[in-house]
Every structure is written in C-alpha cells, then in structure tokens.
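I have a structure I would like to understand better, so I am pasting it below and will then ask my questions one at a time.
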Amino acid sequence: MKTVSLPENFFLGAATAAAQIEGAAFEDGKGASIWDTMCREPGRIADDSNIDVACDHYHRVDEDVALISKLGLSTYRFSISWVRIMPDGRSVNQKGLDFYASLLDKLNAAGIRPWVTLYHWDLPQQLQDAGGWANRQTAYLFAEYARIVYSALGDRARYWTTLNEPWCASLLSYVGGEHAPGHNDPVEGVAAVHHLLLAHGLAAKEIRQIAQQKQWDLRLGITLNFAWAHAADATSEADKDAARRINGVQNRLFADPIFKGEYPADVVQDMALEADIRDWIEDGDLQAISTPIDVLGVNFYNGCAVAGPQDGYKPGKPVLNERGILGRSPNVGSASVVGVPRDTPHTAMGWEVEAHDLYELLMWLDAEYAKQSNTDLVITENGAAYEDEPDADGFVDDSADRLIYIRDHLGEALRACQDGAHLVGYLVWSLLDNFEWACGYTKRFGIVRVDYKTLQRTPKASALWFSQVARDRQLLIPQAD
C-alpha cells in the first residue's frame, strides 16, 4: 500500500437529488413532476414504489446537515426541485424558495459548501403535457426558472450547476423509455438533446448576468454523465468504430457544443437515421449553448468494451443503459454496436468495475476541453450499489465492495491530478440510500444506510472511511506493480 495526499485545494463531499430524497411530494404547494406521475403508472418502477416520502429529507434537513458535518465533508451537492419552486413550471411558490433558502443557510452556518443543481430530472408534469423537452418553449421556461431561483438564492452559494446528465433526461427518457416520461420516440429524444442544451445555455447567460450585476462570486457549470468505451479488439477497425460511436453519442454529443460551439459532425451523421439534430437548431442556439462555464461536472460509474456487428446481431438491439454500459436503452447513433463483457467485478446494478477507466476519461476530458478553456473538472457523482446486509443495529460493513470501489476510483482521480488534469474535487454518490429511479428502493448507493421503515440514518463502513480520508487529507491505496 502507498499513501497519496490530496492536493491542497482538492475537496471531498457527497451528492443527492431532490426527487430521490426529499419526499413531501405535495406539501407546501409543490406540484407534480414527471416522476410523481411515472411512479403511479403500473409496472414502471421495479418495486411499485413512489417518491411521496423517499428519505423524508424535507422534514429532516437539520438531521441531514448535522450528518454531513459529522462526517467532515466540505461540500454538499443537492438539487432544487423545479416543481417545488414552480408547481406548474411557470408561477412561483414562495414556500418552495423558502425551503431551499433555509437549507442553504443551514449548510453555510455549518461550514459546508453548498453546490446547487437546478435540474435533476423532475420536470413539471404540466410542462410535459405541453411536450416536455421535445418542446423548444421548455428551454425558455427553464431559463426563467433559473433566473428566479438564482436571483433569490445566488448570494448563498458560489457553485451552481444548470443541468444534471442531459443524456439521461433526453435519450434515456424520450427514446429508451426507462426514465420519465418513459417515451420511445427517437425524434422526441433528439429534439430533447438540443432543447436541454439550449436550456443550459440560456440559463447560464441569465445567471452570469445577475452575478455580474450583483457582484456575486460565481462558479457556474453543467454536469454530464460520461461513458468510456474501449474497442474490444484494439486492432479491429469495426471495434474502434464501435467505441467511437459510443463515446460520441455519450460524451462528445454534449461536450462539443458546450466547449466548441458545434455538434460533432460524425455523431450527427451517426444519429441521422433516427433523427437529425440539425432540424431543431435555430440562429443563435449554438452561441448560447457555448456560453463559457467555469466547472464541468463529471459523473462516472463505469466503462465498457464494445465491438462492431457480430454473427447473430440484429439491427436495433439495445446497447446502452443509463450509465453508458451495454444493456437496455436507446440506440440513437449506436445501432451497430455490440457489448463485449470484460473480466471485472460487477456492482449490484450489473455494471463493470474498472477504476482505471476513470483515469483515462479524466485525461481525455482535460486534454480535449478543460485545458483549452481553463475549466475546472469536478467529479460530481461516483459510487456503486451493492447488496448491503445490515447487522442488528443497522450498520452495513461494505468495506469489501463499496469502500474499495470509492477508494480505487478516488485513487485514479488523484493520479489524474498528479498527471496534470485540472481536477479540483470529488463528490461521492450518494450521501443516502434513496429512490433509484426505475429501480425504486431496490438498489442502494448510499454511504449512509436509510431504513425505509423508520427512516433512521446509519453511516456505513464506507462513510466512516471516507470521513477519515476527508479529515486526514490522505488516501491509502494499493501499490502499483
């Protein structure tokens, strides 16, 4: 084993999302989101659960802030629920703003840096009824929502993220059918890709303008979920093209317009059989989308190996699931790709565990985007679900799986820092066990166990270890051969 010290300004923290933990589904004026609706559609959620209570964070804010503080984490990333602020997506609910103002005040009082995400998939149902993200008007409504929230709360937080994982909010939600609203329409999905990115750009311009007017300190960004696909056979042109397709539709489709002001031509061509994204671009859109950002949030869970078409392959076979690995999902732009399992451990989600993939991704992101634009990289989500087995006191000893997953990925992140990547922080997913979208409460990602009957929070072995790393500013990792 060897000891690696965290860089001086490198921060550690944890992340959550409103729909997954808050509960209080219709209290104090909150409206219905697309996830409130989807939870009530039979067969959509694995355990037929809903988000009416979730982790009851709405009523347990004091307890959860105290928990973060006790763990010694410097940063807490959370999302604001659009429907708690604007139940119909348009009109303001003051009680919603008051809730988040209070949360921010409590975090600041505890010395915890707040990291605010404006959208983590809980689109107001009334806006979905009007077409959702397939409707261009939703982008303008989001910019107005961002303006209202930032105007009210921008003095309480420095770090602001517009969108979380637009890949999921578009392709997985409007094409793959796995996430709300659960549609299966490539045309809707590709329109949603563009309108989400437009929403980001319009919101970024609004927020930046307010910050400049009020002279507020601001670090503004977006969070993307990245895959890292390898050619199963590095000498095969078909396999290399398969990796290009996956990395293209998962990574470059979203990062290129933000940093380069254009969609990657090869990916546009890959997607054109299903839908041509150029059909939705209007004058000024790409200029808005490429509004400069300060921070790129990197969500990463795993990589994969892919190959070109093989014997028995049928066009249209699903290739990706929500975290960019082979399984169920949309095929937009990647219909000629086949997954090749690697000899790695797997999480409870069936996802491969190979921490070095994170290192390769970070070095690519740094070279391709961050260095050229002087943009910070922050790992805004990284973690794993396992089959936790609590003891009689509710304690989970996950030192043989989740702890090792986090240790190894954090180690590869720090290695990227040593090799020059402009990476400044790492946020584990997730602080709490919570509602895992279509999986309901059947999968646990938290470093803190939540007993869903009593709602008691119990830090797992991984939380205690992560807390110690945060306090010591040192990580003990296996010595490379």
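The values are calculated or read from the model by the stated rules, or taken from the named source; none is laboratory data. All of these numbers come straight from a predicted model, not from anything done at the bench. Because the Cβ atoms are built from the backbone with ideal geometry, glycine has one as well, and the counts that use them run over all protein chains shown. The protein model used for the area step is the full one, side chains on, heavy atoms only, and it has no ligands, DNA or RNA in it. Shrake-Rupley method; radii C 1.70, N 1.55, O 1.52, S 1.80 Å.
Note down the magnitude of the dipole of region 184-234 about its Cα centre, charges +1 on Lys and Arg C-beta and -1 on Asp and Glu C-beta and zero elsewhere, to the nearest 20 debye. Write out the running numbers ahead of the final one.
Details: 4 positive and 5 negative charges, 86 e Å.
Using Cβ point charges on Lys, Arg, Asp and Glu, region 184-234 gives about 420 debye.
Give a residue-ordered list of calculated ³J(HN,Hα) values for region 54-66 (Karplus: 6.51 cos²θ - 1.76 cosθ + 1.60, θ = phi - 60°; whole Hz; x for Gly, Pro).
Working through the residues one at a time gives 6, 9, 6, 4, 4, 9, 10, 4, 4, 5, 6, 5, 4 Hz.
Could you give me the ³J(HN,Hα) list for region 440-445, computed from phi with Karplus coefficients 6.51, -1.76, 1.60 and θ = phi - 60°, whole Hz, x at Gly and Pro?
Once θ is set to phi - 60°, the couplings for region 440-445 become x, 9, 7, 10, 10, 9 Hz.
Express the Stokes-Einstein translational diffusion coefficient of the chain in µm² s⁻¹, to the nearest whole number, given a Kirkwood radius over alpha-carbon pairs, 4 °C and a viscosity of 1.567 mPa s.
Details: Rh = 22.4 Å.
Answer, rounded: 58 µm²/s.
Might you tell me the accessible area per residue for the chain, computed with a 1.4 Å probe and given in Å²?
Working: 17290 Å² over 481 residues.
That works out to 36 Å² per residue.
Can I ask one more? 222 nm [θ] for the chain, helices only, -39500 (n - 2.57) per DSSP H run of 4+, per residue, to 500? The partial results should precede the final answer.
Numbers: 15 runs with 161 residues, N = 481.
It comes out at -10000 deg cm²/dmol, rounded to the nearest 500.
Under the definition of Cα pairs under 8 Å and six or more residues apart, what whole-number percent is the relative contact order of the chain? Numbers along the way, then the final one.
Numbers: 1053 pairs, mean separation 84.0, N = 481.
Once normalised by length, the contact order is 17 percent.
Taking θ as phi - 60°, what are the ³J(HN,Hα) couplings along region 218-226 by the Karplus curve (6.51, -1.76, 1.60), each to the nearest whole Hz, with x for Gly and Pro?
9, 10, 10, x, 9, 10, 10, 9, 10
Given contacts defined as C-alpha pairs under 8 Å and at least six residues apart, what's the relative contact order of region 37-157, whole-number percent? Write out the running numbers ahead of the final one.
Details: 116 pairs, mean separation 32.0, N = 121.
Answer for region 37-157 is 26 percent.
Going through region 389-481, which trypsin sites (Lys or Arg not before Pro) have at most 15 other Cβ atoms within 10 Å and a DSSP loop state?
Working: sites: Arg402, Arg407, Arg415, Lys443, Arg444, Arg449, Lys453, Arg457, Lys460, Arg471, Arg473; in loops: Lys443, Arg444, Lys453, Lys460, Arg473.
Sparse-neighbourhood loop trypsin sites (Lys or Arg not before Pro): Lys453, Arg473.
Here is a further query. Could you work out what % of the accessible surface of the chain is carbon and sulfur, using a 1.4 angstrom probe and leaving DNA, RNA and ligands out of the count? Let's see the in-between values first.
Details: 8070 of 17290 Å².
The nonpolar share, carbon plus sulfur, comes to 47 percent.
Could I ask something else about it? Hey, if we sort Thr235, Thr454, Thr37 by accessible area with the 1.4 Å probe, largest down, what's the order? Numbers along the way, then the final one.
Values: Thr235 115, Thr454 80, Thr37 45 Å².
These residues rank, largest area first, as Thr235, Thr454, Thr37.
Then there's this: Using modelled backbone amide H atoms (1.01 Å from N, in-plane), which distant-in-sequence or interchain residues come within less than 5 Å of Ser33's amide H?
Gln125
Could you name the lysines whose alpha carbon sits less than 28 Å from that of Lys240, not counting residues in the same chain fewer than 8 places away?
Counting by Cα, and skipping residues close in sequence, Lys240 has these lysines nearby: Lys260, Lys314, Lys317, Lys371.
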